[in-house]
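A.B. asks: For reference, the structure I am asking about is given below.
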């Protein structure tokens, strides 16, 4: 596991060398048009999942950010790698926005931000318009919830006036991923699919994420391919798809299945005459993720990658070894 501050250190070293100046005004293109920044933002707020990890990884503490819901074991609104980053920076916990019912517009406004980062989010046009009345907003590049970890870093770093630092962070993370994957050659040539939340009491349909989803896109970073049926379902750009379990043989080339759930779900899939035909179920090549910090590992973010990469890759490699 690589300490998050090592990533920030790369960027701060470059900053000290005076090579990271960013000219203004800056124009950032995203799904809702363009955002123009006339000066480097000082007060940075973030909304939605994990956008706050970009400033934290670059050594900047946001004035406000969304509280974690999924994977928050102790209920403090912070995932463990965020706690570590704040501790490393000697910073207090920023204002935490409760997004249980959507964007906390009043909470965001109260932090008086210079910019609002939301490169990985599901902002609607209405959300964007309302936030834009508070401060300039950096939204996702194309589709909601479709920006991968690189796009999240690039867009949010641009919104902070830290383009070069963001590029350095991406390069550092790519190196960590490559080194970890190299230790598990068993992953090469294997395919994986990410099944969405499945109810073991009703396995009549199979829902799964497509290549438009960040979880599935991360498979490519880890040396894994996609079953043909998943590639086919990805053509229209939607991030998930669903088929009747009667078509389970369409996924005969899926070596590994990743899913949120417990052993009881695997038992149900094994007992079901249709899902039991899946090669991954027959070999036990199923990676189960729970509602805990490890459960967020499959959705890579700037700080979670170094924190849980080794554990996640080890789980995938163990599943891959069962197919040998």
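Read-outs throughout are calculated quantities, based only on the coordinates presented, and are distinct from any laboratory measurement. Nothing here was measured: the structure is a model prediction, and the numbers come from that model. We place every Cβ from the backbone using ideal geometry, glycine too, and count neighbours over all the protein chains shown.
A.B. asks: Sorting check: for 27-39, 298-310, which peptide has the highest mean count of neighbouring beta carbons within 10 Å, and how do the rest follow?
C.D. replies: Working: 27-39: 14.5, 298-310: 23.5.
Descending mean neighbour count gives 298-310, 27-39.
A.B. asks: Now for a separate question. Calculated FRET efficiency, residue 243 and residue 125, Cβ-Cβ r, R0 41 Å, to nearest 0.05? Don't skip to the answer; put the middle values down first.
C.D. replies: Details: r = 31 Å, r/R0 = 0.76.
Calculated transfer efficiency: 0.85.
A.B. asks: Taking a ≥ b ≥ c as the square roots of the Cα gyration tensor eigenvalues, with a/c under 1.5 meaning rounded and otherwise prolate when a/b beats b/c, else oblate, which class fits the range 71-167?
C.D. replies: Values: a/c = 1.44, a/b = 1.15, b/c = 1.25.
Judged from the Cα gyration tensor, the range 71-167 comes out rounded (a/c under 1.5).
A.B. asks: Taking neighbour counts of Cβ atoms within 10 Å as a proxy for exposure, in what order, fewest first, do 128, 184, 209 appear?
C.D. replies: Details: 128 21, 184 17, 209 25.
So the ranking, lowest neighbour count to highest, is 184, 128, 209.
A.B. asks: Right, something else. Return 97, 70, 218 ranked ascending by Cβ neighbour count within 10 Å, so the fewest neighbours appear first. Intermediate results must be reported in sequence, preceding the final value.
C.D. replies: Numbers: 97 24, 70 13, 218 21.
Sorted ascending by nearby Cβ count, the order is 70, 218, 97.
A.B. asks: Any chance you could run the full-extension gain for residue 34 through residue 310? It's 0.36 nm times the residue separation minus the Cα-Cα distance, nm to one decimal.
C.D. replies: Extra length from residue 34 to residue 310 when fully extended: 95.6 nm.
A.B. asks: May I ask you to order 133-145, 51-63, 98-110 by the average number of other C-beta atoms within 10 Å around their residues, highest value first? Walk me through the numbers on the way to the answer.
C.D. replies: On the way: 133-145: 19.1, 51-63: 24.9, 98-110: 14.9.
The densest-packed peptide leads the list: 51-63, 133-145, 98-110.
A.B. asks: Using Cα-Cα distances under 8 Å and only pairs 6 or more residues apart, what relative contact order does the chain have, in percent? Please report the intermediate quantities before stating the final value.
C.D. replies: Values: 623 pairs, mean separation 61.1, N = 324.
Relative contact order here is 19 percent.
A.B. asks: Now for a different question. Over the range 4-179, what relative contact order in percent results from Cα pairs under 8 Å that are six or more residues apart?
C.D. replies: Numbers: 304 pairs, mean separation 50.0, N = 176.
In percent, rounded to a whole number, it is 28.
A.B. asks: Taking the Cα atoms only, what angle lies between the long axis of helix 304-321 and the longest principal axis of the chain, rounded to 10 degrees?
C.D. replies: The angle comes out at about 10 degrees.
A.B. asks: Sticking with this structure for a sec: Determine, from the Cβ-Cβ distance of residue 174 and residue 76 and an R0 of 30 Å, the FRET efficiency 1/(1 + (r/R0)^6), rounded to the nearest 0.05.
C.D. replies: Result of the calculation: an efficiency of 0.45.
A.B. asks: Quick one: if you stick a label point 7 Å off each Cα along the C-beta vector at residue 22 and residue 232, how many nm between them?
C.D. replies: 4.3
A.B. asks: Still on this model: Once a ≥ b ≥ c are taken as the square roots of the eigenvalues of the Cα gyration tensor of the range 182-324, is the result rounded (a/c under 1.5), prolate (a/b larger than b/c) or oblate (a/b not larger than b/c)?
C.D. replies: Values: a/c = 1.42, a/b = 1.32, b/c = 1.08.
Verdict is rounded for the range 182-324.
A.B. asks: To the nearest 10 degrees, how steeply does helix 149-159 sit against the main Cα axis of the chain, on a 0 to 90 scale?
C.D. replies: The answer is roughly 10 degrees.
A.B. asks: For the range 33-107, what is the convex hull volume of the alpha-carbon atoms per residue, in Å³?
C.D. replies: On the way: hull volume 8.6 nm³, N = 75.
Once divided by residue count, the hull of the range 33-107 is 115 Å³.
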